[in-house]
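The values are calculated or read from the model by the stated rules, or taken from the named source; none is laboratory data. Just so you know, these numbers come straight off a predicted model, no measurement behind them. Note: ideal-geometry Cβ built from the backbone for every residue, glycine included; neighbour counts use all protein chains shown.
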Amino acid sequence: MIIRQAPDIRPSEITPEADFRGRREFLRRAGVAGMGLLAGSGCAADDKPADPGELRRLDVASGSPFSTDEAPNSLEDIMSYCNFYEFGLDKRDPAKLSGDFQPRPWSVTVDGEAEVTGTFDLDDFIGPHPIEERVYRLRCVEAWSMVVPWNGIPLGDVLKRFKPTSRAKYVAFETVVRPEEMPGQRRGVLDFPYVEGLTMAEAMHPLTILAVGVYGVTLPNQNGAPIRLVVPWKYGFKSIKSIVRISFTEKEPPTTWNLAAPREYGFYANVNPEVDHPRWSQASERRVGTGFFGDRQPTVLFNGYGEQVASLYDGLDLRKFF
Ligand code: MTE
């Protein structure tokens, strides 16, 4: 799949539903749709999705050459079908159970092999960077996919401000731990905090962003408010949510899913239709929101971003470094 130059779309033009109905009503409708699904799965009728809180409009520059022109999923799809184990295991748990989560005030700590380190208020952390729209494919390791119009800033531009030293070979990320606000953390389904990592070259790649919004509004709690990673050529589990720490490291950092199941999830996790998961095929994927079962389509190496990123892995055996 080749990424073509994005047509000049402004976020307002791809959010006609939100604009037309008014955001609050639109979000309420998203909640009602979630309840419909829940009723079908036998949950109690009052087990409804949480109000995602006040989502603020963002000032976003559109038209990135990195955006795909594939049709984005609706905000409703993106907000109601989530993986965020800190809130529970079911795809609908993050929407239902994230209402108590407080994404503000927020601070991010930067430490490790860099000249500038410290703890920064979120507004100061992202403030110097214009927010861009990036419409990216998201391919989950579970073989479903979406197209998401993220709003974010290139991670590389942020990292440069901290002047990483020559010993910085990797970048590690950590999600917040707040069991009182995150019911999945009280159940200990994974060893929290959720941690992830990238090589320095992956982190500096212009496709890699820190997302702070979607569809022109701040991130809903269930999608990783207030700031998350998005690495579109890797399986979705690399795109860690609700980040509170970024560390420059000399050694490859541990990653949550690799710690949980090392035979099934590697550090690299590049989308690869030829390397099956030990328990299922990765040759095709179901596009969420395309009918009850979803249209299946072939999965593409590096999730279709090979032209931009394949050179990062020159000489690396992609079967061994999965
Ligand atoms: N980050 C944290 N902290 N916890 C998680 O459980 N799930 C990952 C990733 N980031 C996860 C996470 C997985 S498996 C996927 S597919 C994506 O988030 C899903 O992002 P979305 O729910 O916004 O679509």
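Exactly one residue out of Phe248, Phe267 is touching a Gly at 6+ places or on another chain (Cβ under 6 Å), modelled with pLDDT of 95 or more and closer than 28 Å to Gly118 by Cα: that is Phe248. Screening Val189, Val212 for residues that are modelled with pLDDT under 95 and within 22 Å of Phe173 (Cβ to Cβ) leaves exactly one candidate, Val189. On the stretch given as the range 70-86, residues that are more than 8 Å from the ligand (Cβ to nearest atom) and part of a loop (DSSP other than H, G, I, E, B) total 5. Of the residues making up the range 40-69, those that are modelled with pLDDT of 95 or more, in a loop (DSSP other than H, G, I, E, B) and touching a helix residue (DSSP H, G or I) at 6+ places or on another chain (Cβ under 9 Å) are Leu58, Phe66, Thr68. Of the residues making up the range 98-143, those that are assigned to a loop (DSSP other than H, G, I, E, B), within 25 Å of Met182 (Cβ to Cβ), over 16 Å from the mean Cα position of the chain (by Cα) and among the aliphatic types (A, V, I, L, M) number 0. Being within 23 Å of Arg92 (Cβ to Cβ), away from the ligand (no atom under 13 Å from the Cβ) and either at pLDDT below 95 or of a type outside the set (A, V, I, L, M) (or both) is true of Trp280.
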